[in-house]
1. Of all DSSP beta bridges in region 133-233, what percent run antiparallel (nearest 5)?
2. Counting only helical runs of four or more DSSP H residues, what would the 222 nm mean residue ellipticity of the chain come to if each run contributes -39,500 (n - 2.57) and the total is spread over all its residues?
3. Would you mind checking the radius of gyration and Dmax of region 215-289 based on alpha-carbon positions, in Å?
4. Each residue of region 155-170 in turn: what ³J(HN,Hα) in whole Hz from Karplus with 6.51, -1.76, 1.60 and θ = phi - 60°, glycine and Pro shown as x?
5. Rounded to a whole number, what % of the accessible area of the chain do carbon and sulfur atoms account for, probe 1.4 Å?
6. I'd like the antiparallel share, as a percent to the nearest 5, of DSSP beta bridges with both residues in the chain.
7. Counting only heavy atoms of protein chains, what accessible area per residue, in Å², does region 255-306 have with a probe of 1.4 Å?
8. Starting from the Cα gyration tensor of region 155-302, take the square roots of the eigenvalues, sort them a ≥ b ≥ c, and report rounded, prolate or oblate (rounded when a/c is under 1.5, otherwise prolate if a/b is larger than b/c, else oblate).
Amino acid sequence: MIVVGGEALVDLVPGESNPDTGVRPLWPRLGGGPYNVALAAGRLDTPVSFLSRVSTDRFGAALLSRLEESSVDVSMVQRGAEPTTLAVVALDETGSAHYTFYTEGTADRLVADPGPLPDSTFAVSLGTLGMVLEPGATAYESVLRRASADGVLTALDPNIREALIVDGVAYRARFASWLPHVRLLKLSVEDAAWLAGGADAAEAARSWLDTGVHAVVLTRGGDGLSVLTAGGIDVTIPTAPATLVDTIGAGDTVQGALLAWLYRRDAGDLTALDEADWRQALDYAARAAAVTVSRSGAEPPWTAELTASGV
């Protein structure tokens with residue numbers, strides 16, 4: 001089983017402009033980085049459990065229902081009367097998403113440390129707001145460190161939301177403290193550059209491999225996906241063909257698909273993968289992300305959709 005921990009929220013996504021007024025309405029879409037990772041893995045027929053605190057409001061009920069509909073186990077989800085986190089999404093001319101968050105006093109940031117994870121846990125994946133907003137960030141940090149000590153495959157996608165990081169220097173230091181406990185680090189080239197203080201993303205990735213990380217996967221937008229490993233593998237593949245609607249959830253889908261691929265092959269030891277293995281893994285993730293970007297909001301594909309497209 002894969003355990004995915006982090007926030008579940010509601011994205012307010014721009015709809016089509018009103019032809020009379022030119023106003024674009026905001027439509028609620030269920031999301032959050034880790035939430036989307038869990039959806040992606042579940043829809044790709046992988047046993048996955050979501051760890052978070054979800055509101056008892058109507059948004060929270062909808063978030064849980066969608067997880068269950070996507071074959072995600074919700075037995076580790078905590079509930080609370082606090083409201084659901086909201087994210088207002090703005091899309092630029094390339095379809096890239098920019099976010100404004102409303103997080104004060106919301107349910108997901110109050111998640112409690114669940115203690116030891118089930119013995120069947122193959123991997124733990126964390127990231128985004130869950131690793132920023134307290135007190136939940138400390139709880140997830142404890143989960144990460146315990147899982148690493150237990151030999152569980154640990155995956156991190158920091159998915160930087162700069163507007164919510166009050167002290168960039170302190171966050172970068174905390175990120176560095178996680179790396180010895182992370183085996184798979186997945187992030188965009190933009191996030192890598194930000195975390196490295198403006199350094200080249202690939203150069204930053206190589207430095208992180210010296211801390212104990214076994215593999216760094218870089219998402220490059222339209223320029224494809226790369227992986228650099230502690231064993232010296234350096235592979236880049238192109239993006240899969242897609243009709244771009246927006247990029248919401250694309251990186252999350254990459255993370256969920258990578259974890260699904262690794263689970264199916266029982267590849268908990270990333271150092272055992274060769275270049276051909278990584279090409280297959282990246283290709284699978286790229287094809288999954290291509291489906292997500294072809295439709296509005298974070299809608300990861302189902303296995304049948306990838307099978308139909310030749311994956």
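1. 40
2. Working: 9 runs with 104 residues, N = 311.
Rounded to the nearest 500, the figure is -10500 deg cm²/dmol.
3. Radius of gyration, then largest Cα-Cα span, for region 215-289: 12.0, 37 Å.
4. In residue order, the calculated couplings are 10, 9, 10, x, 6, 4, 10, 4, 4, 9, 9, 5, 10, x, 5, 5 Hz.
5. 53
6. 40
7. For region 255-306, the per-residue accessible area is 38 Å².
8. On the way: a/c = 1.75, a/b = 1.15, b/c = 1.53.
Oblate shape, in that a/c is at least 1.5 and b/c is the bigger or equal ratio.
The values are calculated or read from the model by the stated rules, or taken from the named source; none is laboratory data. Given the structure is predicted, the values throughout are model-derived calculations rather than measurements. Glycine also receives a Cβ, built like all others from the backbone with ideal geometry; neighbour counts cover every protein chain displayed. In case anyone asks, the SASA skips ligands and DNA or RNA and just uses the protein heavy atoms, side chains included. Shrake-Rupley method; radii C 1.70, N 1.55, O 1.52, S 1.80 Å.
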